[in-house]
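All remarks here apply to the structure that follows.
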Amino acid sequence: MNDQKNMMLAIVLSVAILFGFQFLFPPAEQPVQEQATTEAGSAPEAPAAPSQSGDPSFAPQIPGAADAAKKLQQTRTEKLDASARIKIESPRLHGSLSVQGGRIDDLTLVDYHEELSKESPEITLLNPKGLKDAYYAEFGWSAPNVKVPSADTVWSTDSQTLKAGGSVNLTWDNGEGLLFTRTISLDQDYVFTIDETVTNTSAEQVDLYPYGLVSRSGTPKTSGFFILHEGLLGVFDNVLEEVDYDDLQETGTKKIDPVKGGWIGITDKYWLAALVPDQDAMVNHRFSHYRSENNIDKYQTDYLGPKLTAAPGQTVSFKSNLFAGAKELNLLQQYEEEMGVAEFDLAIDFGWFFFITKPFFMAMSWLYSHLGNFGLAILALTVGVKILFFPLANTSYRSMAKMKTLAPKIKEMQKKFGDDKQRLNQEMMALYKREKANPASGCLPILLQIPVFFSLYKVLFVSIEMRHAPFYGWIQDLSAPDPTSIFNLFGVIPWDPPQFLMIGIWPLLMGISMFLQQKLNPQPADPMQAKMMMFLPVVFTFMLASFPAGLVIYWVWNNVLSIAQQYVIIKRMEKKPS
């Protein structure tokens, strides 16, 4: 037994534990209401009203997306031009609001572009209702035997522009004594505040239920990595609930029991659209899916607020917020304080080791803010982690160094005892005891570092700061693979190799550093195992070639620091008298 074997065993066991724990002990979920599969082509039913409504005869309705069954032939530009709109002017958002329906359905992110060039289109977050890739937020009221604004209602507005720090007022009179007002405000970043009021000038008492929804048509392309959640999510009673697109296609609807406050939305790797209702109100939340007649998958997250009673001459109101933007940690934490919403930063997928990942994430952001380059922040954080685990690493490397000095004696034993495995093991154990060497002593330090490695990997993978962030030289996007390839001599030959042959400079450096690190370790006693270990750098070179360059740079730098530390320890061990 040797330290390479211990290392491989530690990694295999750690991965097995991670997957096994998730399988045997799935994340705790909040108690949910009955789950029902929605038939294809029909909109999901609304969640039941909160238990304190006291009106069992009426089931308030949240709109589905009936328009998804219509012919969807318009382009985005045609759809935007087809209706009156309120322009959005903000340092961080461009777009417009639809006067018809009062929807927030046209948003692009000023600071983020589809490609590296600043001249490329801005990231489109929300799209108008009626498109195949519609993605929008809608708010309204549900009420028994009352004419309320619908998705087709054309509101009156007091302004043609919504500016950051300002607001617009939408009004609509139902002609039956109810005046509906919707005030939409926008801060300097990504949060809209929606104040809904209803003034009752009729002679009858009216009961109303506020709702909000985020709707998305079509299943978006995801990153496809098991370590990252992209789909529907929310936090209820401080517990995170995540629902994958494919899981919701099977269940149809997932309802959450009434809770106070919370938030619910749809997330991508870097972007989020989330509803934040009044945090003091008892609210029902729901995740839903159905397939339209056009075979388009539709996903919706929504909330249904408590019953509000407007007596004659009275006004009732309900306030909620919509976050629509980039998942920047500092900003999400700021909104936690400002809106009083719990665990809003969990929109960033910190993973199982969140208690390690989140501090790493914050440290990375702090380093980036001071160094101005995300690649340098990666190098600095790696040094910090190395310093943190210096004592454990020393224990492991001393064990490896000790085993390396015993390697010649072990080879002599192998030649002497040949196929007598039992005698060979006895002699090796006697040698370890005599030399006070423990071949397993390097295993525990390595095992303890596995969660840290996974956490750091997670931070680099989900950090929005790494997206389109340059390093030096040919690396202009740390979130993309190294664009060079040895098979076209790094661009000298005018030929674009297939993806599996895109073995860039940084993956090659990783393979070389891994090979050099192996040379400092004692060789396995088993010849077959030794050959397998020698082949590992080649396997990892091809495997990591498709990984983001930032991750490969981290791995190379980590290997370089490990080689330096291990080399010093080995030299010190060699100088000690036998």
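The values are calculated or read from the model by the stated rules, or taken from the named source; none is laboratory data. Nothing here was measured: the structure is a model prediction, and the numbers come from that model. Note that we place each Cβ from the backbone using ideal geometry, even for glycine, and neighbour counts take in every protein chain shown.
General remarks:
- In summary, TYR368 fulfils each of the numbered conditions (1) touching a residue at least 24 places away in the same chain (Cβ under 8 Å); (2) surrounded by fewer than 20 Cβ atoms within 10 Å (Cβ to Cβ); (3) part of a helix (DSSP H, G or I) with the single exception of condition (2).
- Residue within the stretch 449-462 that is over 30 Å from LEU332 (Cα atoms) and in the same structural domain as GLN565 (by the TED database) present: no
- Test for THR197: is it under 23 Å from MET282 (Cβ atoms), in contact (Cβ under 8 Å) with a residue 24 or more places away in the chain and under 39 Å from the mean Cα position of the chain (by Cα): yes
- Restricting attention to the stretch 171-186, the residues being surrounded by 17 or more Cβ atoms within 10 Å (Cβ to Cβ) and among the charged types (D, E, K, R) number 1.
- Of note, PRO445 does not satisfy the criterion of being at pLDDT 75 or above and within 19 Å of GLN565 (Cα to Cα).
- Some residue of the stretch 486-502 being among the acidic types (Asp, Glu) and surrounded by 13 or more Cβ atoms within 10 Å (Cβ to Cβ): no
- Taking the criterion of being at pLDDT below 95 and either surrounded by 23 or more Cβ atoms within 10 Å (Cβ to Cβ) or among the basic types (Lys, Arg) (or both), the only residue of the stretch 199-233 that qualifies is LYS221.
- Hey, GLU196 under 22 Å from THR315 (Cα atoms), buried (at least 17 other Cβ atoms within 10 Å of the Cβ) and either of a type in the set (D, E, K, R) or in contact with a Ser or Thr (Cβ under 9 Å, 6 or more places away or on another chain) (or both) or not: yes
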